[in-house]
Structures are given as C-alpha cells and as structure tokens.
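Participant: Please see the structure below; I have some questions.
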Amino acid sequence: MSAMPERQLHLNAFLMNVGHHEASWRLPESNPHAEVDIEHFRELARIAERGLLDSLFLADRLILGNDPGQCPTGRLDPTLVLAAVAGVTSHIGLIATASTGYEQPYNLARRFASLDHISAGRAAWNIVTTAGDSAARNFGLDQMPSHRDRYLRAMEFVEVVTKLWDSWAADAVIADKERGIHADSDRIRKINHVGPYFKVRGPLNVPRCPQGYPVLVQAGSSEDGREFAARFAEVVFTVQQALPDARAFYRDVKQRALEFGRSPDEVLVLPGIAPVIGDTEVEAQELAAELDRLIVPEYAKRQLAIRLKISPDDLDLDGPLPSNLRTEDEIEGGKGRYTVMVEMARREQLTVREMISRIGGGRGHRTVAGTPVQIADTIEHWFTEGAADGFNVMPAVLPSGLSAFVDKVVPILQERKLFRSEYTGSTLRDHYGLRQPANYFDAVMS
Ligand SMILES: Cc1cc2nc3c(=O)[nH]c(=O)nc-3n(C[C@H](O)[C@H](O)[C@H](O)COP(=O)(O)O)c2cc1C
C-alpha cells in the first residue's frame with residue numbers, strides 16, 4: 001500500500017447530531033440536547049478542519065422524524081447552523097441541504113449566495129427533491145408528487161437558481177465613491193424565466209458570490225437521479241455496500257457526465273462510509289457491539305418497515321425479509337437506497353434482526369468497524385479500484401468518532417500521500433479542484 005498516486009482523496013464529514021448510529025445518543029458521553037446546541041456543531045467543525053477535510057455536510061428533512069419519543073429527531077435549519085459555523089472556521093467547506101420540492105428558487109438562491117459570502121467562498125448546496133408523503137402534508141399536499149415530477153421540478157429549479165446567481169456579473173460592483181457610481185447597472189440583469197413550474201423575473205438581491213456558484217451536490221441513484229447528477233452535480237453522494245456495485249455506479253455517473261459534455265473530473269463521486277474505530281480490532285468490535293445492544297428492536301423494526309413500505313407486522317425479527325417486497329419501479333420515494341438495502345439483505349441472507357443492526361449504524365451506508373489502519377486500507381482500496389473520488393465519512397458517534405477519524409485515520413492517509421497535509425486554497429472549489437462556473441449572461445451577451 002505504498003504507491004504514491006497523484007490523485008488525492010476528498011473527504012467530507014457528514015454530521016448527524018451525536019452520531020450516525022441510531023442509538024448513539026444513549027451512550028454516556030453523548031449530549032442528548034446536541035440537536036439544538038450550536039456549540040456542538042462548532043466543535044465538530046473545528047475537529048473536521050483540524051483534519052483538513054474538504055467539507056462538512058448537514059442533511060435535512062422537512063418533517064420531524066417518525067418517532068420523536070424514541071430518539072432525538074429535531075433539527076435546526078442547516079444554512080443557519082453553517083452560517084454560525086463559518087464564523088469559527090476559515091477553510092472547511094460547508095454543505096447544507098435544501099429542497100427543490102417545497103422551496104422557491106428565489107429564496108433559496110439568495111440563502112446560498114448569502115452563505116457563500118458569509119463564509120468567503122465555502123458554501124455548497126445538497127440538492128434534494130424530498131421524498132415522502134409526510135413532508136408533502138406539511139406543504140399543502142396530501143401526497144408527494146411522483147418521482148418523475150419531483151425531478152422535472154428539480155431540473156427547472158436548478159436552472160432558475162443558477163440564472164439568478166448569474167444575474168450579477170462578477171465585476172458589476174464598481175464602488176466608485178468619487179463619481180457616485182456603485183454598480184454598472186448594465187451588468188445586473190433580469191432573468192425573465194418562465195417555465196412549467198416557475199416564473200421568476202430577477203435579478204437576485206445578492207451580488208455574485210465568491211465561488212460564482214456555491215458547489216452543487218446531489219445524491220440520486222435512480223435513472224432520473226443519475227441523469228440529474230450527471231447534468232448538474234459537482235459532488236455526488238451515494239450509498240454503496242459492495243465494491244463491484246460502487247465501481248459500476250462510479251463509471252456510470254462519469255460516463256453520463258461525458259454525454260452532457262462535461263469532464264468526468266467535474267463530477268466527484270463520494271460513497272458513504274460509517275466507521276467505528278478502535279485502537280485494536282477487539283476494541284472496535286466492542287464499541288460496535290455496545291451500540292448494537294442499545295438499539296431498541298421494536299423501534300428499529302418500525303423504522304425498517306417504513307423504509308420497506310410494509311407493515312411492521314410483516315417483519316419477523318428472526319426470519320428473512322418477506323419475499324414479496326415491491327421492486328424499485330413500484331415505489332415513489334427514494335429508490336436507490338431501497339434497492340441497496342434489499343439487495344444487501346438478500347445477498348448476505350440476513351435476518352431482520354441482523355439487518356436492523358447493519359442499518360442502525362449507517363441507514364444502508366457501508367459500516368466498517370476496525371483499527372485506523374483497517375479503515376485507511378478500505379478507503380485506499382475503493383479509491384484506487386475506481387469506486388470513489390473520496391468518502392462521505394459518517395462517524396457512528398459524535399464528536400468522538402470524528403476525532404478518532406481525524407487524529408488516527410487521516411495521518412495514515414497523509415503518510416500514504418493520498419490526502420493533503422495542508423489546505424492549498426481557501427474556497428470549497430479549491431479543495432475539490434472544481435473550476436468556477438462561467439457566467440451564463442456573459443456567455444450569451446458576448
Ligand atoms: C449521503 C446522502 C445524503 C442524503 N441527504 C438527504 C437529505 O438531507 N434530505 C433528503 O431529503 N434526501 C437526502 N438524500 C436522498 C437523496 O437526495 C435522494 O432522494 C436519494 O438518494 C434517492 O434518490 P433516487 O430516488 O434518485 O434513488 C440523501 C442521500 C444520500 C445518499
């Protein structure tokens with residue numbers, strides 16, 4: 001494992017309250033009020049930046065979780081949290097989730113342009129279409145729009161948002177006090193967008209942001225999702241359990257990007273990895289087993305039933321998954337993860353109880369318990385085998401799991417020359433090696 005490839009890994013810290021393991025909040029070390037404690041998030045950001053990670057990421061849902069009595073499921077607005085985090089960090093990228101399903105492009109374009117200014121060029125938008133009837137019911141609908149319709153709206157949404165970010169030329173603001181000219185108003189333009197979903201005049205009320213556009217992140221796995229990612233996304237999050245599937249996904253997304261006239265290097269693929277790190281293998285296994293013991297099986301069974309779109313009564317804890325589950329084509333929610341989870345259970349002949357334990361750690365993402373060297377080995381393996389440009393790191397317990405990754409795994413990756421030993425740029429585009437987008441209006445007006 002001593003090769004010195006030129007390619008460098010990209011590492012993103014996926015932050016989830018006190019950890020990705022559903023039982024993490026029950027550990028003695030965990031702060032049960034972390035979900036609303038900004039100091040908790042500031043601390044996590046400082047740790048991630050100490051490890052020179054490219055970015056950190058906050059997911060978002062537009063509902064309270066299914067079972068608030070059972071575990072902490074509240075969440076602060078990610079862009080607000082990241083604006084606060086920006087004030088105590090200087091380099092790390094800040095990825096916030098926001099929905100194309102239930103927001104308006106103007107507000108969203110403004111919020112992310114604001115975050116990019118506030119953080120001096122470190123913002124990114126995780127574009128989600130928001131699956132689920134529960135969210136729909138918070139926004140005047142009885143059920144979610146179809147999968148296809150959600151993606152059609154998302155495409156137009158992103159088109160409008162990027163036009164709004166382009167509505168100011170980079171050099172529009174002149175700030176000439178002498179002549180009393182603040183800006184060249186010819187370089188600030190209306191967008192006059194009219195489409196099936198949106199009618200937006202513009203211009204945006206925020207000048208062009210430091211990165212041109214915040215970085216665009218997405219996580220589609222279905223046919224529509226991959227097309228969307230290949231067309232718009234610069235970073236793609238994905239759930240992958242097995243190396244061959246991960247390689248196939250990686251190749252597919254890069255190939256589709258080529259078909260949209262983009263370079264494969266402009267779309268970085270980051271599978272999730274949920275590490276449980278111990279100084280010895282035994283220690284790592286013990287921590288994993290302790291977390292497993294803290295899972296409440298009846299609660300986990302209800303969660304699994306929701307994910308599989310069936311009744312909990314159809315699940316026998318010590319039996320296999322029912323054989324008559326729906327296929328990916330038959331569901332309207334998130335398709336990709338559904339398939340990954342069902343295939344994993346069938347491939348490995350897991351009982352429902354075993355599956356609950358596997359999903360408890362990473363909701364379908366790959367969980368790995370091991371020593372820092374073992375975690376570094378698996379990261380290097382997937383990276384060099386063409387399955388990943390980097391990883392979405394999802395510690396089981398926070399902050400301790402993130403500290404362990406930063407202080408024990410990152411130095412091994414640095415020694416192997418797979419990961420940076422200092423930040424060489426200051427924006428998130430610098431860290432990910434992504435170019436600044438051209439201004440659409442400059443292109444059409446020149
Ligand atoms: C790492 C990761 C993070 C995600 N974060 C969110 C999120 O914060 N909010 C959300 O509504 N969906 C989230 N999703 C779901 C995706 O946006 C998408 O709906 C899902 O991957 C299914 O896509 P598909 O229907 O194209 O398969 C996430 C997915 C992945 C893999």
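Only the coordinates and a few stated rules stand behind these numbers; no lab work does. On a predicted model such as this, the values are computed, not experimentally measured, just so you know. Note that each Cβ is placed from the backbone with ideal geometry, even for glycine, and that neighbours are counted across all protein chains shown.
Participant: Determine which aspartates and glutamates satisfy two conditions relative to LYS177: a Cα distance under 20 Å, and not lying fewer than 8 residues away in the same chain.
Facilitator: ASP186
Participant: Please order GLU330, GLU22 by the number of other Cβ within 10 Å, starting at the fewest.
Facilitator: GLU330, GLU22
Participant: Quick check: from the Cα gyration tensor, does the chain come out rounded (a/c under 1.5), prolate or oblate?
Facilitator: Prolate.
Participant: When a footprinting reagent is the concern and you count Cβ atoms within 10 Å, what order do ILE95, ILE47, ILE181 take, fewest first?
Facilitator: Fewest to most other Cβ atoms nearby, the residues stand as ILE181, ILE47, ILE95.
Participant: Ok, one more. In straight Cα distance, which lysines are under 18 Å from LYS301, not counting same-chain residues fewer than 8 positions off?
Facilitator: In chain and number order, the partners are LYS309.
Participant: Fully extended, how many nm does the chain gain between GLU281 and ASN138 (0.36 nm per residue separation, minus their Cα-Cα distance)?
Facilitator: Gain in length upon complete extension: 46.9 nm.
Participant: Let me ask something additional. Over all directions, what mean area does the Cα convex hull of segment 332-415 project, stated in square nanometres?
Facilitator: Result: a mean projected hull area of 6.9 nm².
Participant: While we're here: Convert 25 °C to kelvin, take the viscosity as 0.890 mPa s, use the Kirkwood radius over C-alpha pairs of segment 281-334 as Rh, and evaluate the Stokes-Einstein diffusion coefficient in µm²/s, rounded to a whole number. Please report the intermediate quantities before stating the final value.
Facilitator: Values: Rh = 13.2 Å.
After rounding, the answer is 185 µm²/s.
Participant: Tell me whether segment 1-143 comes out rounded, prolate or oblate; compute the Cα gyration tensor, take square roots of the eigenvalues as a ≥ b ≥ c, and use a/c under 1.5 as the rounded threshold.
Facilitator: oblate
Participant: Quick one: Kirkwood hydrodynamic radius for segment 305-446, alpha-carbon pairs, angstrom, one decimal?
Facilitator: Radius from the Kirkwood sum: 18.8 Å.
Participant: Add +1 for every Lys or Arg and -1 for every Asp or Glu among the other residues with Cβ under 13 Å from the Cβ of VAL269, and state the total.
Facilitator: Surrounding charge for VAL269 is -1.
Participant: For LYS408, which lysines qualify as cross-link partners when the Cα separation must be under 22 Å and same-chain residues fewer than eight apart are set aside?
Facilitator: Cross-link targets: LYS417.
Participant: Moving on. How much net charge surrounds HIS193 when only the other residues with a Cβ under 12 Å from the Cβ of HIS193 are counted, with Lys and Arg +1 and Asp and Glu -1? Mind dumping the intermediate values first?
Facilitator: Details: positive: LYS163, ARG189, LYS190, LYS199, ARG201; negative: GLU156, GLU159, ASP166.
Computed value for this residue: +2.
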